[in-house]
Structures are given as C-alpha cells and as structure tokens.
1. Measure off 7 Å from each Cα along the Cα-to-Cβ vector at Ser14 and Arg37, then give the distance between these two points in nanometres to one decimal.
2. Helix-derived [θ] at 222 nm for the chain: sum -39500 (n - 2.57) over DSSP H runs of at least 4, divide by residue count, nearest 500?
3. Taking every pair of alpha-carbon atoms in the chain, what share in percent sits in each 5 Å bin, from 0 to the bin with the longest distance?
4. Return the long-range amide H neighbours of Tyr56 (sequence gap of 5 or more, or a different chain), with a cut-off of under 5 Å between placed amide H atoms.
5. Given a 1.4 Å probe and the protein chains all in place, what does the accessible area of Asp24 round to, in Å² to the nearest 10?
6. Suppose R0 equals 22 Å; then what is the FRET efficiency for Glu29 and Ala62 from their Cβ-Cβ distance, rounded to the nearest 0.05?
7. How far is helix 44-53 tilted off the main Cα axis of the chain, in degrees rounded to 10, range 0 to 90?
8. Counting only the heavy atoms of the protein chains, how much of Ser38 is accessible to a 1.4 Å probe, in Å² to the nearest 10?
Amino acid sequence: MESLPQARMGTQASGTWVLYVLTDAPLLEWPGHDFGRSAPMPTPEERADTLASLGYGVVAGAEWEWHETRQAPAAAHLWAGIPVRPTTPAVIGGSAA
C-alpha cells in the first residue's frame, strides 16, 4: 500500500478521528476531514461518504489495513490506510482539465 494517493484515518492528539488523503502535494495541501468525535469510530459508510466529498473513491477490491504504533510511554495509536483514486477531474488554473 505504498502508492499514492492513499487515504489514512487515525486519531489526532485531541483524540478525534480524522481522515486525510496522502498525495504528492505538500502536507498542508492534503485533503482531509475531522469527524469531530473520538467515539464511535467512523463507519465504513461514513469513510466512503467523506472520501467522496473530498473527490476520491476506494480502489476496487481494496480494504482498510489497520496498524498500531506504540511509542512508550504513550498509549498505542491505531490508524488505517487504503488506496484511493480521484473521482473528479483535476482542476488546473481554476478550470476543469
């Protein structure tokens, strides 16, 4: 799951779930959405709807891959990733390409 674009979902330092799309653009330009809650975890349908609102869809047959990182003494951090594809035409110079 190394190729871009790729959607990732995890929790921010505040504990709220966030979904963002890694692209070849600079970090601050990645499309993203904060779900504004720590529980419950966003459902697969909410994730798909959010990706659609950001102009992306899940690559056919792909599934979310879950990972856990642990940096002692902090608690474990859960995050997931999935390959995505753009669903809207690229916009260049303010007009659809």
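The values are calculated or read from the model by the stated rules, or taken from the named source; none is laboratory data. Note that the structure is predicted; figures quoted are calculated from it, not measured. All Cβ positions, glycine included, derive from the backbone under ideal geometry; neighbour counts span all protein chains shown. Remember, those area values only see protein heavy atoms, side chains included, never the ligands or the DNA or RNA. Shrake-Rupley method; radii C 1.70, N 1.55, O 1.52, S 1.80 Å.
1. 1.5
2. Result for the chain, helices only: -3000 deg cm²/dmol.
3. 3, 12, 22, 24, 19, 11, 6, 3, 1, 0
4. Amide H to amide H, under 5 Å and 5 or more residues apart or across chains, Tyr56 pairs with Thr87.
5. 150
6. Efficiency for this residue pair is about 0.40.
7. The helix 44-53 is inclined about 40 degrees to the chain.
8. Number for this one is 80 Å².
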